[in-house]
Each structure stands twice: as C-alpha cells, then as structure tokens.
Amino acid sequence: MSEISKFENARRRASKLLEKMTLTEKIGQLSQFGTSIYSDDHKAFEDHFAEGKIGSYLTIRDRKRINEIQSELVEKSPNHIPALFADDVIHGYKTTFPIPLAQSCSWDPEMTEKCCAISAKEAYRDGIRWTFAPMVDIARDPRWGRIMEGYGEDTFLCRCFARAAVKGYQGNEIGEKDRLLSCMKHFIAYGAVVGGKDYNSVDMSMQQLYDIYLPPFREGIDAGAATVMTAFNDLNGVPSTANKMLLTDILRKELGFKGFVVSDDGAVEELVNHGYAENEGDAGKKAFNAGVDMLMSGDIFNDHFPEFVKNGEISEEKINESVLSILTMKFLIGLMDDWKVDENEDTAFFAPEHLSAARESAEHSFVLLENDGVLPLGKHDKIALVGPMARNKRDVMGPWECVGEEERTVTVEEGLKRVFPETKISVCEGCDLETDDISGICEAVEIAKSADLVIVAVGQRHGTVGEAASTTRLRLTPPQETLINEVSKLGKPVVLLLFCGRPLVLTEYRDKANAILCVWYPGTETGNAVANVLSGKHNPSGRLTASFPVTEGQIPVYYNFFSTGRPAVGIQRFEAKYNDCQIEPLYPFGYGKSYTEFLYEDIKLSSDKMTEDGVIDISFTVRNTGKHDGYEIVQLYVRDLVASRVRPVKELKGFKKVFVKAGESKRETISLKAKELAFCHTDMTFSVEKGDFKLWVAKNALDNSNEFDFRVV
Ligand code: NOJ
C-alpha cells in the first residue's frame, strides 16, 4: 500500500474508533504520564485504567513493565487502546553514540541517519515506539547546556542533519518495524534564550526566526517528522506552548505539519509562572486551543477539559481532531494490532554492527584542534595516561545516555592498550572530575616524568552539560587546570584529550600541549575510537560546528553575524570590535586539522551568473599532499553584497566530504542553487534578490583564500 493510502486507512480506522469513545476517553488519549502512575501504588490510578485516561507514557525503560501496563490498559479501558511509549532516545539507546553536537562535526548526515536507525531498532525491541528527538534548535551560545543536543550554530548544516535524523528514526515511511516516531523539538527558538540561560525568554525579529531557526523544522517536516514538541521559552512575549501563531498558523498551515504536537514536560503548567495563565486549568485550555495536542505529562487535561467542553471554552471537534491525529499514528505504527513486546529478543542490543557504527561515528566526530606533528603517535616505549577521563566509563557516554550500560564503555586506557600492545602505558587519574580533590596530581606528575609522552585526558562531568546546565565559566575544573599546568612543565610531548559537550575556552591550554584533540562525549566505543585516531588508523576529519571563543566575554560569537556599518577591518578606532580581544573566535566554525594536508586546485564555476531559479556548479580538485589518507570537508560560503535587509558576512550553502588517498587527488562538484540564497524580507516575504554575491570554497568560515564573484540576474 502506498504511504498515502496507508495513512488514509489508518485515519479511517481511527475515525471509526473515535465514534465509540466517551469524552473522558478521548481526553485520556491526549494525556501522557511518567513513571509515577505505574509506581507501586498505581492502584491510586485505577480510574485511569478503567476510564481510559492514559494515552501515552514517557521513560518507562523496562519492557516487562511495558507489557504489564499495556495488558492492564487494553483489558480494562473502554475501547482497549494501548498507550504510546516514548523516551528520549537522543544519541543511542543501549549502544551509545557521540552526542549530536559531535555527530554534526562529522559533516556526515548519512552517518547520523545510520546511528538514529540503530538507536531506533534497539529502543523498538525494548517496547519504545516514539523518541523525543531530534533536537534541531540552532544554538549560538555555548553557555546554554543544551548546545550538546543539537547540530551546532549553522542553519544549513542543521537542516541536513534534521532530515537525516528524522529518516533514521522513522525510516522511509511511518510504521516500519524497528523504527520510532520522531519528535522535532523544541518549537521554537529555544536555543536563543537570553544569556544562554536555560528556560529563559527569547526576543527576536520574525525575520531572524524565519531565516535561522525555522528552516531545520521545515526540513524535518518535509522529511515526514511525525510529531513536534513545544519549547519552554516565550517568543516575543508569548510562551511557545500557548502560541497559536507558532503552533497553528506557522507549524500547521504554513509548514504543512500533519502530525501531532506534544508540550514539553511541565511547559503547560509553567504558563502560570510565565504570568500567561491564571491557573493550571486555564493553562491547559490556552495550550490546547493554541495547538498542543498532547500534554506531557499529568492530569491537567483529564481534570479540566470535560468542564471546558461543557461550557464551550474548548470545542469537542478540536478534541476529536487531536485524538484522531494520535490514534492515526497508533494505527499507522501497528500498535493497535500488536502491542506486545517480545521480552526475550535481545539480539539487537549492542550488536557487533551497532558497536562498529558507534566507533566509526565517534572517529568521524573528533576534531583535531592543534597538532605540531606529535600525532599520529609514533613508536613510544612508555606513555603516561593521566587525568580523570583516563578510565572514565560514565561521563564519556554523554548526557542523554538513555539505557546505555556503563560497564560496556571501552575506556581510553583499554583502547590504548589494545592498539599499542608493545607500549608500557601507566595510568593515573591525578585529580577528581567532580570535587576539588587534587591529591593524585603528584602521582600523575611522577608517572609522566618517566614516560616518553603524556596523554592528559580531561573534561567535563555528566550533569555539567545538557538540560539545566547553563554556565558562565567555559573551562575545565581548577584541579584539571593544575594537572595540565604541572604536566606541561616537564618538557615532555603532551597530547590533550578533551571530553566536553560544548565549546570551551582553550586559550590558556593551547600553549601547554603539542596536540589537542576534542573528542566530545563519544559513547560506548570511546576508547577504541580514541586509540584509532591517536594511532593514525583513522585520520581525524571532524570540523567544528560551533565556534570556540577566545574568552567568555566574546559570547555570542558565531560566524554568520550581520554586516555592520563599521566592520572591524583595523583602519580606525570606531569599529565593531572589542578593545581587549580579537573579534574572531579561537577556533572558528568549520575548523579542524588533519594528519595530512589538502590543497584545493582548479576551482571552476559553471557560470558567474544564474537566474533566480538557476544553479551554479562549483567544481574543484582536492589534492592530498601529505603522507596520510584522509577525509577533507570542503565548505562553500556566500555573501549577498547588497540587499533589502542586511545580510550575514558569510553563510554556509554547501559542503562536500571527500576521501582522498595520500598523494592523490579527486575532482568534486558542489551545486549552489539560487533558491538557497532566499531570505526573509522586511515584509515577511521570502525570495532571492538579484545582484552581486561573493563565494568562497573554503576550509573553514574564516578562510578567504578562494574567493569568487557571481551575480543573480
Ligand atoms: C524536558 C526536555 O526539555 C525535553 O527535551 C525532553 O524530551 C523531555 N523533558 C522528556 O524527557
């Protein structure tokens, strides 16, 4: 059956079922519950089962439990409707993959599609049918802890990953076995919270919203995203969770979203704190009437909506529409026909091909920030591995580790010992990741003294990144700084391995190490991936997707800022700059080193003109002039020189990841479509403007070496 007829069929079955449902049961379909409702005293919720007041559950991570709940619900509820079980399957279920920010540094959306498909399969086998992912919030502020959960600061790149992740989770059509419903979140502009403070307000022009924050959602919806989650923040004074313009006019009418909307957890009752609703009933009504279909989580809808329907404040037709969307999904994924989870089917968890995908995606996500030639590691008799991440299994999994198993994590120590069996590797953590305990630093220094080379594995612990983890200090803990300082004084070659979930200020560590490899949080295969990259088995190819600032005072520092009237060109005092710091970040968007060198040669544009619906093909040769095979990420940036609204100084409009063997070259093409140059005008129309543009074929956002002109005519 084609997708459309499958959808129609599911909707028809949903409509039939709807006719038999009581208002109570309908409202129940709009209500999601957490673990509390099935805790030991779940008897207190007996009426929920008997009256069918439960539509969905979140984060119940036990398929035996899921089967118990489903059978009770199906048996007792009036129309025997099973619940939709959801979870935050964000960078893996059991097999843990690199965090999304790291995945984006691979510039390899296909790899992300594969990681999401594997995560979906493992979660599906455990009874989960819906994930709260991908998060496609653009984040330009590393103080915001959730920057780790998205795909970086750039809209074009995030669009590519949004599409890939939706396809990875859902497959080609909703309802395939071993896939999950996806949920694009958080609608919208959550990444732009003032000051990088989680849950804070957002105030921005609608043009900015349309140009920067909306496109990844549009892309994911185009790719078939089944659901969307609201955001905690208000947008220009109206909380997103009760924002009719966002949830109905833009999301449904303009973007054509056909699935259902779930509120973020607590966001409905928080409308009271926002001062936007009088009480929780009022909050529920405002959220629902604005376009929320399902409440995460609790009884607000169950408790208040029957009364609102009676007095006309909520229409039953609107409730029917929401129930229909939710039931249609339940039919579409086959839940209504078969909800039972096989409790003995374990072959998918940590399957060998899942582990190799985890290792490969980790290797591709690492960004080599500095290297004076010390890497890849040559032959060393004695290596000292120091720092709190040396044997770490927990933090390296990353903040949304779901049901990843700590004991399955391969540590850096284990990985190195596997890849360098001949080398004596001495290990000492040196200091604590959480506390200010520095008692082991002397021991770490002693070990380092007798080694040929020192690897310092440092980073940020679980809980300091992710949700509710905003910070003003983007640095390592003082004990780890002491460790780096002391080791660097020994005069030995030092390799810094950095585990983090956001850009950090590395200005002071830069001169203290011969190489810095940013490995983010790599997940289950941490040690194997790290060892393969340090040894040169995999040549690092990751490129930053979020700028690393020189100092916290530069924030926000992102590459695609608007052209100002006084650009910082250094000819006069009165320029848009800082007097005590450069305006460029320490490491820009798109930056990353390799063990080899790549040259771009013979760059040709198929034309220097195109019409508003035209294309220019940019072809180029990538020559690998070094001694190692490797991947290069060729980036295409443009600048619209004169327009009816001020345009960014540069915008990414294409890229190509190319594998080139040492000494060889490859010819490649990137196509630039004129429609990619469209932007939102002052009157909210969206089109390409004719005129002159610049174009760069570049290694990162600050690379101006290959500059060309073209015109849209
Ligand atoms: C709150 C978070 O903002 C959201 O992203 C997540 O999916 C829900 N909690 C459920 O865990």
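The values are calculated or read from the model by the stated rules, or taken from the named source; none is laboratory data. Predicted model, so just to flag it, every value in this text is computed and none were measured. Using ideal geometry, Cβ is built from the backbone for each residue, glycine included, and neighbour counts are taken over all protein chains shown. These accessible areas exclude ligands, DNA and RNA; they are computed on the full protein's heavy atoms, side chains included. Shrake-Rupley method; radii C 1.70, N 1.55, O 1.52, S 1.80 Å.
Once the stretch 669-691 is narrowed to residues that are without any contact (Cβ under 8 Å) to a residue 40 or more places away in the chain and open to solvent by 60 Å² or more (accessible area, probe 1.4 Å), the residue that is nearest to LYS609 (Cα to Cα) is THR685. Only a single criterion out of (1) among the charged types (D, E, K, R); (2) away from the ligand (no atom under 15 Å from the Cβ); (3) surrounded by 18 or more Cβ atoms within 10 Å (Cβ to Cβ) is not satisfied by ASP222, namely (3). Taking first residues from the stretch 242-267 that are without any contact (Cβ under 8 Å) to a residue 40 or more places away in the chain and aromatic (Phe, Trp, Tyr) and partners that are surrounded by 14 or more Cβ atoms within 10 Å (Cβ to Cβ) and not in a helix (DSSP H, G or I), the Cβ contacts under 8 Å between residues at least 6 apart in sequence or on separate chains come to PHE257/ALA225; PHE257/VAL228. Looking across LYS657, LYS609, LYS653, LYS694, one residue alone is modelled with pLDDT of 95 or more and open to solvent by 70 Å² or more (accessible area, probe 1.4 Å). It is LYS609. Taking the stretch 75-180 as the region of interest, the helices (runs of 4 or more DSSP H) fully inside it that hold 2 or more residues being surrounded by fewer than 24 Cβ atoms within 10 Å (Cβ to Cβ) and at pLDDT 95 or above are 109-125, 155-170.
Can you name every residue in the stretch 78-108 that is among the charged types (D, E, K, R) and within 16 Å of the ligand (Cβ to nearest atom)? Within the stretch 78-108, ASP87, ASP88 qualify. Screening ALA390, ALA362, ALA384 for residues that are closer than 24 Å to GLU113 by Cβ and aliphatic (A, V, I, L, M) leaves exactly one candidate, ALA362.
Residues of the stretch 129-140 include at least one that is over 16 Å from GLY220 (Cα atoms) and more than 16 Å from the ligand (Cβ to nearest atom).
Among the residues of the stretch 328-352, the ones that are in a helix (DSSP H, G or I) and in contact (Cβ under 8 Å) with a residue 40 or more places away in the chain come to 5 in all. Of the set (1) on the phi > 0 side of the Ramachandran plot; (2) in contact with a helix residue (DSSP H, G or I) (Cβ under 8 Å, 6 or more places away or on another chain); (3) among the small types (Gly, Ala, Ser), all apply to GLY590 but (2).
Consider the stretch 418-454 and keep the residues that are in contact with a Pro (Cβ under 9 Å, 6 or more places away or on another chain) and among the β-branched types (Val, Ile, Thr). The one that is surrounded by the fewest Cβ atoms within 10 Å (Cβ to Cβ) is THR435. From the list PRO215, PRO239, the lone residue that is within 16 Å of the ligand (Cβ to nearest atom) and open to solvent by less than 30 Å² (accessible area, probe 1.4 Å) is PRO239.
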